[in-house]
Amino acid sequence: MTRRRLLHPLAALGAATAMVAVAAAAPAAAKPHHQPSGPEEINGYRAVGYLMADSPVTRDVQVKDLFTTGAIEDVTHLNYAFGNVTSNLRCEITNVPGEGDAYNDYLRLVGPQDSVDGKNDKTNKHQRIAGNFNQLRKLKERSPDTKVLISLGGWTWSDHFSEAAATPERRTALVSSCIDVYLKGNLPQIGTFGGPGAAAGIFDGIDIDWEWPVNGGETGNASPADRENFLALMEEFRAQLDAYGEQTDEDYLLTAFAPAGGWNTNAGGWADPRLFEVVDWLNIQGYDYAGGWTGNTGHQGNLHPDGTNNWGLALDNAVGLYTAAGADPAQLNIGLAAYGQGWSGVTVGDRAGWTPDPAVTAIGTKPYFEIRSLGQGYFDPAIGASWRYDAASGEWWSLDDANSVRAKAAWLAEQGLGGAMWWDLSGDYRNELGGALGDALRDAEEGPLD
(Lines give C-alpha, C1' and ligand atoms only; values in the text may rest on other atoms or scores of the structure.)
Protein backbone atom coordinates (compact mmCIF):
# COMPACT_ATOMS: atom_id res chain seq x y z
CA MET A 1 0.00 0.00 0.00
CA THR A 2 1.26 3.46 -0.84
CA ARG A 3 1.17 6.36 1.52
CA ARG A 4 -1.05 9.32 1.04
CA ARG A 5 -0.07 12.50 -0.70
CA LEU A 6 -1.70 15.77 -1.69
CA LEU A 7 -2.48 16.44 -5.32
CA HIS A 8 -4.10 19.80 -5.94
CA PRO A 9 -2.56 23.25 -5.30
CA LEU A 10 -4.17 25.59 -2.80
CA ALA A 11 -4.07 29.36 -2.72
CA ALA A 12 -1.44 30.58 -0.30
CA LEU A 13 -2.45 31.10 3.31
CA GLY A 14 -1.08 33.47 5.87
CA ALA A 15 1.70 36.01 5.99
CA ALA A 16 5.37 35.29 5.43
CA THR A 17 7.20 33.77 8.36
CA ALA A 18 10.78 34.70 9.19
CA MET A 19 13.19 31.83 8.94
CA VAL A 20 15.30 31.17 12.01
CA ALA A 21 16.92 27.80 11.48
CA VAL A 22 18.90 26.36 14.35
CA ALA A 23 20.89 23.16 14.58
CA ALA A 24 18.74 20.44 16.11
CA ALA A 25 19.84 18.67 19.22
CA ALA A 26 20.73 15.02 18.88
CA PRO A 27 17.68 12.81 19.47
CA ALA A 28 17.38 11.66 23.03
CA ALA A 29 17.56 7.97 23.74
CA ALA A 30 14.21 6.24 24.06
CA LYS A 31 12.91 6.47 27.60
CA PRO A 32 12.85 3.14 29.43
CA HIS A 33 9.37 1.76 29.85
CA HIS A 34 8.18 -0.73 32.40
CA GLN A 35 4.41 -0.98 32.17
CA PRO A 36 3.10 -4.11 30.47
CA SER A 37 0.09 -2.59 28.79
CA GLY A 38 -1.04 0.55 27.00
CA PRO A 39 -3.03 3.46 28.40
CA GLU A 40 -6.65 4.18 27.59
CA GLU A 41 -5.52 7.79 27.23
CA ILE A 42 -2.35 9.76 27.91
CA ASN A 43 -3.07 12.54 30.41
CA GLY A 44 -6.38 13.24 28.69
CA TYR A 45 -5.10 12.86 25.09
CA ARG A 46 -5.23 10.26 22.35
CA ALA A 47 -2.23 8.90 20.51
CA VAL A 48 -3.34 6.99 17.41
CA GLY A 49 -0.90 4.91 15.39
CA TYR A 50 -1.41 3.37 11.97
CA LEU A 51 -0.18 -0.21 11.77
CA MET A 52 0.45 -1.37 8.20
CA ALA A 53 -0.57 -4.93 7.38
CA ASP A 54 2.62 -5.71 5.48
CA SER A 55 5.17 -4.09 7.82
CA PRO A 56 6.05 -7.40 9.55
CA VAL A 57 7.18 -8.71 6.15
CA THR A 58 8.49 -5.59 4.38
CA ARG A 59 10.18 -3.93 7.39
CA ASP A 60 10.42 -6.71 9.95
CA VAL A 61 8.40 -4.56 12.34
CA GLN A 62 6.20 -6.91 14.33
CA VAL A 63 3.15 -6.32 16.52
CA LYS A 64 5.33 -7.69 19.33
CA ASP A 65 7.68 -4.71 18.87
CA LEU A 66 5.06 -2.43 20.40
CA PHE A 67 5.96 -4.11 23.68
CA THR A 68 9.70 -4.59 23.22
CA THR A 69 10.22 -0.90 22.34
CA GLY A 70 7.77 0.44 24.94
CA ALA A 71 5.59 1.98 22.22
CA ILE A 72 2.52 0.33 23.73
CA GLU A 73 2.68 2.93 26.51
CA ASP A 74 2.68 5.81 24.03
CA VAL A 75 -0.20 4.77 21.80
CA THR A 76 -3.84 4.52 22.82
CA HIS A 77 -5.43 3.38 19.55
CA LEU A 78 -4.15 1.30 16.64
CA ASN A 79 -5.53 1.77 13.12
CA TYR A 80 -4.90 -1.43 11.18
CA ALA A 81 -4.26 -0.46 7.55
CA PHE A 82 -5.95 -1.30 5.37
CA GLY A 83 -9.22 -3.07 4.69
CA ASN A 84 -10.58 -2.97 1.16
CA VAL A 85 -13.93 -2.01 -0.31
CA THR A 86 -13.76 -4.27 -3.36
CA SER A 87 -15.34 -4.11 -6.80
CA ASN A 88 -18.27 -5.99 -5.25
CA LEU A 89 -18.88 -2.78 -3.24
CA ARG A 90 -18.45 -4.67 0.02
CA CYS A 91 -15.87 -5.05 2.74
CA GLU A 92 -14.11 -8.23 1.72
CA ILE A 93 -10.86 -9.92 2.62
CA THR A 94 -9.50 -11.69 -0.43
CA ASN A 95 -6.26 -13.51 -1.07
CA VAL A 96 -5.76 -11.74 -4.42
CA PRO A 97 -2.70 -9.44 -4.62
CA GLY A 98 -3.80 -5.83 -4.95
CA GLU A 99 -7.37 -6.62 -3.94
CA GLY A 100 -6.87 -7.98 -0.45
CA ASP A 101 -4.27 -9.20 2.01
CA ALA A 102 -5.63 -12.31 3.66
CA TYR A 103 -2.05 -13.61 3.89
CA ASN A 104 -0.89 -10.89 6.28
CA ASP A 105 -4.29 -10.47 7.91
CA TYR A 106 -4.84 -14.03 9.15
CA LEU A 107 -2.97 -16.69 7.13
CA ARG A 108 0.75 -15.92 7.64
CA LEU A 109 2.30 -18.17 10.27
CA VAL A 110 4.09 -16.16 12.97
CA GLY A 111 7.00 -17.83 14.72
CA PRO A 112 7.59 -17.69 18.47
CA GLN A 113 10.36 -15.09 18.15
CA ASP A 114 7.89 -12.62 16.58
CA SER A 115 4.82 -13.49 18.62
CA VAL A 116 3.39 -11.28 21.35
CA ASP A 117 3.17 -14.22 23.75
CA GLY A 118 6.15 -16.19 22.43
CA LYS A 119 3.95 -18.95 20.97
CA ASN A 120 3.97 -19.84 17.28
CA ASP A 121 0.97 -20.15 14.97
CA LYS A 122 -0.22 -23.65 14.09
CA THR A 123 -2.25 -25.09 11.23
CA ASN A 124 -4.82 -27.18 13.02
CA LYS A 125 -8.51 -27.07 13.76
CA HIS A 126 -7.92 -25.46 17.15
CA GLN A 127 -6.42 -22.24 15.74
CA ARG A 128 -8.75 -20.31 13.45
CA ILE A 129 -6.60 -17.24 12.71
CA ALA A 130 -2.88 -16.60 12.35
CA GLY A 131 -0.99 -13.55 11.07
CA ASN A 132 -1.66 -10.02 12.25
CA PHE A 133 -5.18 -10.69 13.47
CA ASN A 134 -3.94 -13.31 15.90
CA GLN A 135 -1.16 -11.00 17.10
CA LEU A 136 -3.68 -8.19 17.61
CA ARG A 137 -5.84 -10.55 19.62
CA LYS A 138 -2.86 -11.43 21.79
CA LEU A 139 -1.98 -7.74 22.10
CA LYS A 140 -5.44 -6.98 23.45
CA GLU A 141 -5.20 -9.83 25.93
CA ARG A 142 -2.00 -8.32 27.27
CA SER A 143 -3.06 -4.69 26.87
CA PRO A 144 -6.86 -4.55 27.21
CA ASP A 145 -7.04 -0.76 27.23
CA THR A 146 -5.50 -0.50 23.75
CA LYS A 147 -8.25 -0.08 21.15
CA VAL A 148 -7.90 -1.44 17.61
CA LEU A 149 -9.76 -0.09 14.57
CA ILE A 150 -9.86 -1.34 11.00
CA SER A 151 -8.99 1.43 8.53
CA LEU A 152 -10.82 1.13 5.22
CA GLY A 153 -9.41 2.52 1.99
CA GLY A 154 -6.23 4.55 1.99
CA TRP A 155 -4.61 6.05 -1.09
CA THR A 156 -4.68 2.77 -3.04
CA TRP A 157 -7.95 1.21 -1.92
CA SER A 158 -10.32 4.20 -2.12
CA ASP A 159 -11.24 3.37 -5.72
CA HIS A 160 -14.68 1.86 -5.00
CA PHE A 161 -15.97 4.19 -2.27
CA SER A 162 -17.75 6.50 -4.69
CA GLU A 163 -19.74 3.73 -6.30
CA ALA A 164 -20.37 1.89 -3.03
CA ALA A 165 -21.82 5.03 -1.40
CA ALA A 166 -23.92 6.11 -4.37
CA THR A 167 -27.35 4.84 -3.21
CA PRO A 168 -29.01 4.15 0.15
CA GLU A 169 -29.17 0.44 -0.67
CA ARG A 170 -25.46 0.26 -1.46
CA ARG A 171 -24.53 2.20 1.67
CA THR A 172 -26.60 -0.13 3.85
CA ALA A 173 -25.05 -3.21 2.27
CA LEU A 174 -21.49 -1.86 2.50
CA VAL A 175 -21.73 -0.96 6.18
CA SER A 176 -23.38 -4.27 7.01
CA SER A 177 -20.58 -6.15 5.26
CA CYS A 178 -17.89 -4.21 7.15
CA ILE A 179 -19.51 -5.00 10.50
CA ASP A 180 -19.92 -8.63 9.47
CA VAL A 181 -16.25 -9.10 8.51
CA TYR A 182 -14.43 -6.98 11.07
CA LEU A 183 -16.66 -6.72 14.15
CA LYS A 184 -18.51 -10.02 13.95
CA GLY A 185 -15.29 -11.53 12.63
CA ASN A 186 -16.83 -13.66 9.89
CA LEU A 187 -13.79 -14.37 7.72
CA PRO A 188 -13.57 -16.34 4.47
CA GLN A 189 -12.59 -19.93 5.15
CA ILE A 190 -9.14 -20.52 3.66
CA GLY A 191 -7.68 -23.87 4.57
CA THR A 192 -7.95 -24.32 8.32
CA PHE A 193 -8.19 -20.58 8.97
CA GLY A 194 -11.18 -18.27 9.00
CA GLY A 195 -14.86 -19.05 9.24
CA PRO A 196 -17.78 -17.58 11.21
CA GLY A 197 -16.70 -15.50 14.19
CA ALA A 198 -13.01 -16.31 13.74
CA ALA A 199 -11.92 -12.67 14.26
CA ALA A 200 -14.67 -11.57 16.65
CA GLY A 201 -13.59 -9.21 19.40
CA ILE A 202 -10.40 -7.92 17.77
CA PHE A 203 -11.66 -4.62 16.38
CA ASP A 204 -13.25 -1.86 18.46
CA GLY A 205 -14.38 0.32 15.58
CA ILE A 206 -13.98 1.46 11.99
CA ASP A 207 -11.80 4.21 10.55
CA ILE A 208 -12.73 5.58 7.11
CA ASP A 209 -9.84 6.61 4.84
CA TRP A 210 -11.72 7.69 1.69
CA GLU A 211 -9.20 9.67 -0.37
CA TRP A 212 -11.05 11.75 -1.56
CA PRO A 213 -14.79 12.36 -2.04
CA VAL A 214 -15.53 14.51 -5.13
CA ASN A 215 -11.88 15.09 -6.08
CA GLY A 216 -10.74 11.49 -6.16
CA GLY A 217 -7.21 10.29 -5.47
CA GLU A 218 -4.92 7.73 -7.02
CA THR A 219 -7.57 6.27 -9.32
CA GLY A 220 -9.63 9.43 -9.80
CA ASN A 221 -12.86 7.49 -9.17
CA ALA A 222 -15.12 10.28 -7.94
CA SER A 223 -18.39 12.07 -8.56
CA PRO A 224 -19.86 15.49 -7.69
CA ALA A 225 -22.45 13.52 -5.72
CA ASP A 226 -19.75 12.19 -3.40
CA ARG A 227 -20.13 14.99 -0.87
CA GLU A 228 -23.70 14.10 0.04
CA ASN A 229 -23.07 10.37 -0.32
CA PHE A 230 -20.00 10.52 1.92
CA LEU A 231 -21.95 12.24 4.68
CA ALA A 232 -24.82 9.79 4.28
CA LEU A 233 -22.37 6.89 4.39
CA MET A 234 -20.85 8.13 7.64
CA GLU A 235 -24.35 8.50 9.11
CA GLU A 236 -25.12 4.94 8.03
CA PHE A 237 -21.96 3.69 9.70
CA ARG A 238 -22.91 5.47 12.91
CA ALA A 239 -26.45 4.09 12.86
CA GLN A 240 -25.42 0.49 12.25
CA LEU A 241 -22.50 0.61 14.69
CA ASP A 242 -24.81 1.90 17.41
CA ALA A 243 -27.44 -0.72 16.60
CA TYR A 244 -24.87 -3.52 16.74
CA GLY A 245 -23.47 -2.05 19.95
CA GLU A 246 -26.93 -2.33 21.51
CA GLN A 247 -26.78 -6.07 20.80
CA THR A 248 -23.27 -6.56 22.17
CA ASP A 249 -23.31 -3.91 24.91
CA GLU A 250 -20.25 -2.25 23.33
CA ASP A 251 -19.53 1.29 22.15
CA TYR A 252 -17.94 1.01 18.70
CA LEU A 253 -15.75 3.83 17.44
CA LEU A 254 -16.18 5.64 14.13
CA THR A 255 -13.27 7.80 12.99
CA ALA A 256 -11.87 9.13 9.72
CA PHE A 257 -8.67 10.34 8.11
CA ALA A 258 -9.39 13.94 7.11
CA PRO A 259 -7.65 16.13 4.50
CA ALA A 260 -5.57 19.22 5.15
CA GLY A 261 -6.18 21.17 1.95
CA GLY A 262 -9.23 23.36 1.54
CA TRP A 263 -9.92 21.98 -1.93
CA ASN A 264 -10.63 18.51 -0.50
CA THR A 265 -12.02 19.63 2.85
CA ASN A 266 -14.68 21.90 1.38
CA ALA A 267 -15.59 19.88 -1.69
CA GLY A 268 -15.89 16.55 0.08
CA GLY A 269 -18.03 17.55 3.05
CA TRP A 270 -15.31 17.10 5.62
CA ALA A 271 -16.11 20.39 7.37
CA ASP A 272 -19.86 19.74 7.52
CA PRO A 273 -21.42 19.64 11.01
CA ARG A 274 -23.22 16.44 9.96
CA LEU A 275 -19.86 14.71 10.01
CA PHE A 276 -18.95 16.06 13.44
CA GLU A 277 -22.24 14.67 14.79
CA VAL A 278 -21.40 11.07 13.93
CA VAL A 279 -17.61 10.64 14.24
CA ASP A 280 -15.78 10.11 17.49
CA TRP A 281 -12.78 11.94 16.04
CA LEU A 282 -10.95 12.97 12.89
CA ASN A 283 -7.25 12.41 12.20
CA ILE A 284 -6.16 15.48 10.21
CA GLN A 285 -3.43 15.02 7.64
CA GLY A 286 -0.31 16.76 8.93
CA TYR A 287 2.23 15.69 6.30
CA ASP A 288 2.85 15.50 2.55
CA TYR A 289 2.49 19.26 2.28
CA ALA A 290 5.54 19.12 0.00
CA GLY A 291 7.07 16.35 -2.08
CA GLY A 292 8.09 15.41 -5.58
CA TRP A 293 5.01 17.14 -6.99
CA THR A 294 5.99 20.56 -5.59
CA GLY A 295 9.07 21.06 -7.76
CA ASN A 296 11.67 21.69 -5.09
CA THR A 297 12.48 21.19 -1.43
CA GLY A 298 9.84 22.22 1.06
CA HIS A 299 8.50 21.39 4.49
CA GLN A 300 6.14 18.46 4.35
CA GLY A 301 4.65 18.91 7.82
CA ASN A 302 5.15 22.48 9.05
CA LEU A 303 3.05 23.52 12.03
CA HIS A 304 2.72 27.16 10.97
CA PRO A 305 2.66 28.71 7.47
CA ASP A 306 5.97 28.99 5.65
CA GLY A 307 5.09 32.20 3.88
CA THR A 308 3.50 31.44 0.53
CA ASN A 309 5.35 28.14 0.12
CA ASN A 310 3.71 24.72 0.04
CA TRP A 311 0.55 26.45 -1.25
CA GLY A 312 0.28 28.04 2.20
CA LEU A 313 -0.39 24.69 3.83
CA ALA A 314 0.28 24.37 7.54
CA LEU A 315 -1.07 22.17 10.28
CA ASP A 316 -2.59 25.05 12.21
CA ASN A 317 -4.49 26.23 9.13
CA ALA A 318 -5.69 22.70 8.45
CA VAL A 319 -7.07 22.36 11.97
CA GLY A 320 -8.65 25.78 11.63
CA LEU A 321 -10.79 24.59 8.71
CA TYR A 322 -12.53 22.18 11.07
CA THR A 323 -12.83 24.28 14.21
CA ALA A 324 -14.19 27.19 12.16
CA ALA A 325 -16.90 24.86 10.87
CA GLY A 326 -17.93 23.90 14.39
CA ALA A 327 -15.89 20.81 15.22
CA ASP A 328 -15.15 20.32 18.90
CA PRO A 329 -11.35 20.66 19.22
CA ALA A 330 -11.38 17.48 21.34
CA GLN A 331 -12.62 15.64 18.21
CA LEU A 332 -9.44 16.48 16.31
CA ASN A 333 -6.07 14.73 16.22
CA ILE A 334 -3.11 16.15 14.33
CA GLY A 335 -1.22 13.89 11.95
CA LEU A 336 2.51 13.29 12.44
CA ALA A 337 4.91 11.57 10.04
CA ALA A 338 7.33 8.76 10.87
CA TYR A 339 8.92 9.19 7.45
CA GLY A 340 10.51 11.96 5.40
CA GLN A 341 10.23 13.50 1.93
CA GLY A 342 13.61 13.87 0.24
CA TRP A 343 15.47 15.71 -2.53
CA SER A 344 18.98 15.43 -3.95
CA GLY A 345 21.20 18.00 -5.68
CA VAL A 346 20.63 20.53 -2.90
CA THR A 347 23.46 23.00 -2.28
CA VAL A 348 22.00 25.13 0.51
CA GLY A 349 20.89 22.94 3.37
CA ASP A 350 20.08 25.27 6.27
CA ARG A 351 16.75 26.34 4.76
CA ALA A 352 14.10 25.05 2.39
CA GLY A 353 14.98 25.75 -1.25
CA TRP A 354 11.85 27.62 -2.13
CA THR A 355 12.90 28.76 -5.61
CA PRO A 356 12.53 25.92 -8.15
CA ASP A 357 15.95 24.66 -9.20
CA PRO A 358 16.32 22.22 -12.11
CA ALA A 359 19.33 20.64 -10.40
CA VAL A 360 17.16 19.50 -7.47
CA THR A 361 15.53 16.10 -7.87
CA ALA A 362 12.86 14.55 -5.68
CA ILE A 363 13.95 11.16 -4.36
CA GLY A 364 10.72 10.06 -2.69
CA THR A 365 10.19 8.95 0.87
CA LYS A 366 12.13 7.02 3.48
CA PRO A 367 11.12 5.88 6.98
CA TYR A 368 12.40 7.91 9.87
CA PHE A 369 14.70 5.11 11.04
CA GLU A 370 16.71 5.40 7.79
CA ILE A 371 17.26 9.17 7.87
CA ARG A 372 17.22 10.10 11.56
CA SER A 373 21.03 10.48 11.68
CA LEU A 374 21.76 11.62 8.14
CA GLY A 375 23.89 14.77 7.90
CA GLN A 376 22.97 17.75 10.07
CA GLY A 377 19.62 18.26 11.76
CA TYR A 378 17.77 21.59 11.78
CA PHE A 379 14.65 22.88 13.46
CA ASP A 380 12.83 26.15 12.77
CA PRO A 381 10.77 27.06 15.85
CA ALA A 382 8.96 29.86 14.02
CA ILE A 383 7.19 27.42 11.72
CA GLY A 384 7.54 24.24 13.75
CA ALA A 385 9.41 22.26 11.11
CA SER A 386 12.46 19.99 11.15
CA TRP A 387 14.73 18.78 8.36
CA ARG A 388 18.10 17.15 7.77
CA TYR A 389 20.79 18.00 5.23
CA ASP A 390 23.80 15.95 4.16
CA ALA A 391 26.29 18.19 2.36
CA ALA A 392 28.31 15.21 1.10
CA SER A 393 25.42 13.68 -0.83
CA GLY A 394 23.36 16.84 -1.36
CA GLU A 395 20.32 15.15 0.16
CA TRP A 396 17.74 17.26 2.00
CA TRP A 397 14.96 15.59 3.99
CA SER A 398 11.83 17.09 5.52
CA LEU A 399 10.69 15.01 8.47
CA ASP A 400 9.31 15.03 11.98
CA ASP A 401 11.90 14.61 14.72
CA ALA A 402 11.77 14.96 18.49
CA ASN A 403 11.96 18.77 18.22
CA SER A 404 9.01 19.16 15.86
CA VAL A 405 7.02 16.51 17.74
CA ARG A 406 7.43 18.37 21.02
CA ALA A 407 6.47 21.68 19.38
CA LYS A 408 3.36 20.16 17.83
CA ALA A 409 2.40 18.43 21.08
CA ALA A 410 2.67 21.70 22.99
CA TRP A 411 0.57 23.45 20.35
CA LEU A 412 -2.19 20.83 20.31
CA ALA A 413 -2.40 21.01 24.10
CA GLU A 414 -2.71 24.81 23.96
CA GLN A 415 -5.51 24.49 21.41
CA GLY A 416 -7.44 21.93 23.45
CA LEU A 417 -7.18 19.29 20.73
CA GLY A 418 -7.82 15.63 21.37
CA GLY A 419 -4.39 14.29 20.48
CA ALA A 420 -2.19 13.15 17.63
CA MET A 421 -1.88 10.39 15.03
CA TRP A 422 1.11 8.64 13.42
CA TRP A 423 1.52 7.47 9.87
CA ASP A 424 2.93 4.98 10.46
CA LEU A 425 4.36 3.15 13.46
CA SER A 426 6.76 1.00 11.45
CA GLY A 427 8.81 4.09 10.47
CA ASP A 428 9.78 5.01 14.01
CA TYR A 429 13.13 4.05 15.54
CA ARG A 430 12.69 2.14 18.79
CA ASN A 431 9.79 4.42 19.73
CA GLU A 432 12.00 7.50 19.58
CA LEU A 433 9.28 9.66 18.04
CA GLY A 434 6.39 7.97 19.82
CA GLY A 435 8.17 8.33 23.15
CA ALA A 436 8.77 12.03 22.50
CA LEU A 437 5.06 12.51 21.84
CA GLY A 438 3.98 10.46 24.85
CA ASP A 439 6.31 12.29 27.20
CA ALA A 440 5.25 15.69 25.84
CA LEU A 441 1.59 14.86 26.36
CA ARG A 442 2.24 13.61 29.88
CA ASP A 443 4.08 16.85 30.67
CA ALA A 444 1.33 19.07 29.21
CA GLU A 445 -1.71 20.44 30.97
CA GLU A 446 -4.34 17.72 31.33
CA GLY A 447 -6.13 17.12 28.04
CA PRO A 448 -9.84 17.42 27.20
CA LEU A 449 -10.78 13.71 27.16
CA ASP A 450 -12.75 12.04 29.91
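The values are calculated or read from the model by the stated rules, or taken from the named source; none is laboratory data. Everything numeric in this text was worked out from a predicted model, so none of it was measured. Here Cβ is always computed from backbone atoms with ideal geometry, including for glycine, and neighbour counts include all displayed protein chains.
Quick one: Asn264 ticks every box in (1) modelled with pLDDT of 95 or more; (2) closer than 30 Å to Tyr182 by Cβ except a single one, so which number is it?
The failed condition is (1).
Counting only residues that are among the hydrophobic types (A, V, I, L, M, F, W, C) and surrounded by fewer than 24 Cβ atoms within 10 Å (Cβ to Cβ), which one in the range 406-440 is nearest to Phe67 (Cα to Cα)? Steps first, answer last, please.
In the first step, residues of the range 406-440 are kept if they are among the hydrophobic types (A, V, I, L, M, F, W, C); the result is 407, 409-413, 417, 420-423, 425, 433, 436-437, 440.
Now drop any that are not surrounded by fewer than 24 Cβ atoms within 10 Å (Cβ to Cβ), which leaves 407, 410-411, 413, 440.
Values: Ala407: 26, Ala410: 26, Trp411: 28, Ala413: 26, Ala440: 20 Å.
Checked the range 406-440; the qualifying residue nearest to Phe67 (Cα to Cα) is Ala440.
Quick one: which helices (runs of 4 or more DSSP H) sit completely within the range 110-181 and have at least 2 residues that are out of contact with any helix residue (DSSP H, G or I) (no Cβ under 9 Å at 6 or more places or on another chain)? Give the steps one after another, and end with the answer.
Values: elements: 131-142, 161-164, 168-178.
Helices (runs of 4 or more DSSP H) meeting the threshold: 131-142, 168-178.
Filter the range 183-205 down to residues that are surrounded by 15 or more Cβ atoms within 10 Å (Cβ to Cβ) and not in a loop (DSSP other than H, G, I, E, B), then give me how many there are.
8
Looking at the range 118-143, which of its residues are loosely packed, with under 15 Cβ neighbours inside 10 Å, free of Cβ contacts under 8 Å to residues at least 40 places away in the same chain and out of contact with any Gly (no Cβ under 9 Å at 6 or more places or on another chain)?
Scanning the range 118-143 gives Gly118, Lys119, Lys122, His126, Glu141.
Note down all Cβ pairs under 9 Å where the first residue falls in the range 163-178 and is touching a residue at least 12 places away in the same chain (Cβ under 8 Å) and more than 11 Å from Val85 (Cβ to Cβ), the second is part of a helix (DSSP H, G or I) and aromatic (Phe, Trp, Tyr), and they're at least six residues apart or on different chains.
Going by the 9 Å Cβ cut-off, the qualifying pairs are Arg171/Phe237.
So Trp354 fits all but one of (1) in contact with a helix residue (DSSP H, G or I) (Cβ under 7 Å, 6 or more places away or on another chain); (2) within 23 Å of Ala318 (Cβ to Cβ); (3) surrounded by fewer than 21 Cβ atoms within 10 Å (Cβ to Cβ); (4) modelled with pLDDT of 95 or more; what number is the exception?
Going through the list (1) in contact with a helix residue (DSSP H, G or I) (Cβ under 7 Å, 6 or more places away or on another chain); (2) within 23 Å of Ala318 (Cβ to Cβ); (3) surrounded by fewer than 21 Cβ atoms within 10 Å (Cβ to Cβ); (4) modelled with pLDDT of 95 or more, Trp354 breaks only (4).
How about the range 330-397: which strands (runs of 3 or more DSSP E) wholly inside it have at least 1 residues that are farther than 28 Å from Ile42 by Cα and within 19 Å of the chain's Cα centre (by Cα)? Spell out the reasoning first.
On the way: elements: 332-337, 339-344, 361-367, 376-380, 385-390.
Because the criterion is at least 1 residues that are farther than 28 Å from Ile42 by Cα and within 19 Å of the chain's Cα centre (by Cα), the strands (runs of 3 or more DSSP E) in the range 330-397 that meet it are 339-344, 361-367.
Of the residues Ala444, Ala407, Ala440, Ala436, only one is touching a Leu at 6+ places or on another chain (Cβ under 7 Å), touching a residue at least 12 places away in the same chain (Cβ under 8 Å) and small (Gly, Ala, Ser); which? Write out each step before concluding.
On the way: Ala444 fails: touching a Leu at 6+ places or on another chain (Cβ under 7 Å); Ala440 fails: touching a Leu at 6+ places or on another chain (Cβ under 7 Å); Ala436 fails: touching a Leu at 6+ places or on another chain (Cβ under 7 Å).
Of Ala444, Ala407, Ala440, Ala436, the one residue that is touching a Leu at 6+ places or on another chain (Cβ under 7 Å), touching a residue at least 12 places away in the same chain (Cβ under 8 Å) and small (Gly, Ala, Ser) is Ala407.
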